[in-house]
């Protein structure tokens, strides 16, 4: 068996490459089942998650490979005022072996993988990430994301890379972009999960063809990234909703614009849009996640002007 020193970097690179292939196939939100199965490295299966948030495969000597948060988990991870991710220690002992492992990752500039739970059983994969700060009195590490194009440099010359001011600026910028990505993808996955991964208008059940449509646009103050400001729609009905071909009343009934109802343009328009008139949308579960009637009323008033 190879010496541990010869395993760490090749294994991490193999993990990054495997994740890249999986996101090309499945998109950037991956199932826990897939991550738990992992990949084969030098004849040994390497899972990427475990019941603990800080995970080190048996084959690695000291430094963890992944850090994970779950929607229902006990750790309240967030972003600090500097826009860096705050990741909670495991437990309350700063010298727990997992916390010591992350501290060593910080000292050596070792890249990790971050899995952000967006809904139960699904995770947004972010890599590489680095431990860039330790706040013992808050039982918290600071985490920054980076561009994978710099992986070779950071893994072959960690001490030099860690002192690179340019790297700090780049990582701060990329981590801010990651925060926005988590915001957007989290909203989509929560909405689709609430609607049981189907279009609220036509019941289409292929997630690849579904969007989380905002009732009030997210660029507006009222356009909060909450399920009650979203509706799961297929791409056709999302486009129709955004273009005001269809409106949804506060009582959850669909209306098709009159000029569209009067138009003759083949079976797609008839069966894809016009047949929805006066039907009620499918509502999410639980009912408390149903679209906010006040937000629908505001949107419906805009629809009536068309």
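The values are calculated or read from the model by the stated rules, or taken from the named source; none is laboratory data. Values in this document were obtained by computation on a predicted structure and should not be read as measured data. Counting neighbours? That spans all protein chains shown, and the Cβs are built from the backbone with ideal geometry, glycine included.
When the residues of region 67-85 are filtered to those that are buried (at least 20 other Cβ atoms within 10 Å of the Cβ) and touching a helix residue (DSSP H, G or I) at 6+ places or on another chain (Cβ under 8 Å), the one that is modelled with the highest pLDDT is 67. Given the conditions (1) modelled with pLDDT of 95 or more; (2) more than 19 Å from residue 297 (Cα to Cα); (3) not in a loop (DSSP other than H, G, I, E, B), report the number of the one that residue 198 does not fulfil. Of everything listed in (1) modelled with pLDDT of 95 or more; (2) more than 19 Å from residue 297 (Cα to Cα); (3) not in a loop (DSSP other than H, G, I, E, B), residue 198 misses just condition (3). If you check residue 47 against the conditions, is it surrounded by 14 or more Cβ atoms within 10 Å (Cβ to Cβ), over 16 Å from residue 142 (Cβ atoms), assigned by TED's automatic domain parsing to the domain that holds residue 137 and in contact with a helix residue (DSSP H, G or I) (Cβ under 7 Å, 6 or more places away or on another chain)? For residue 47, the condition - surrounded by 14 or more Cβ atoms within 10 Å (Cβ to Cβ), over 16 Å from residue 142 (Cβ atoms), assigned by TED's automatic domain parsing to the domain that holds residue 137 and in contact with a helix residue (DSSP H, G or I) (Cβ under 7 Å, 6 or more places away or on another chain) - is met. If you go through region 272-293, how many residues are more than 33 Å from the chain's Cα centre (by Cα) and farther than 18 Å from residue 243 by Cβ? Qualifying residue count for the region: 1. Residues that are within 20 Å of residue 122 (Cα to Cα) and assigned to a loop (DSSP other than H, G, I, E, B) were ranked within region 201-233; the one that is farthest from the chain's Cα centre (by Cα) is 205. Within region 240-258, if we keep just the residues that are surrounded by fewer than 15 Cβ atoms within 10 Å (Cβ to Cβ) and part of a helix (DSSP H, G or I), the residue that is farthest from the chain's Cα centre (by Cα) turns out to be 258. Of all the residues that make up region 273-299, how many are surrounded by 17 or more Cβ atoms within 10 Å (Cβ to Cβ), assigned to a helix (DSSP H, G or I) and touching a residue at least 40 places away in the same chain (Cβ under 8 Å)? Adding up the residues that qualify gives 5.
For residues in region 11-40 being closer than 22 Å to residue 97 by Cβ and either free of Cβ contacts under 8 Å to residues at least 40 places away in the same chain or not assigned by TED's automatic domain parsing to the domain that holds residue 96 (or both), which is surrounded by the fewest Cβ atoms within 10 Å (Cβ to Cβ)? Going through the qualifying residues, I end up with 36. When 177, 157 are screened for being at pLDDT below 85 and surrounded by fewer than 16 Cβ atoms within 10 Å (Cβ to Cβ), only 157 passes. Every listed requirement among (1) in a helix (DSSP H, G or I); (2) loosely packed, with under 15 Cβ neighbours inside 10 Å is met by residue 269 save one, (2).
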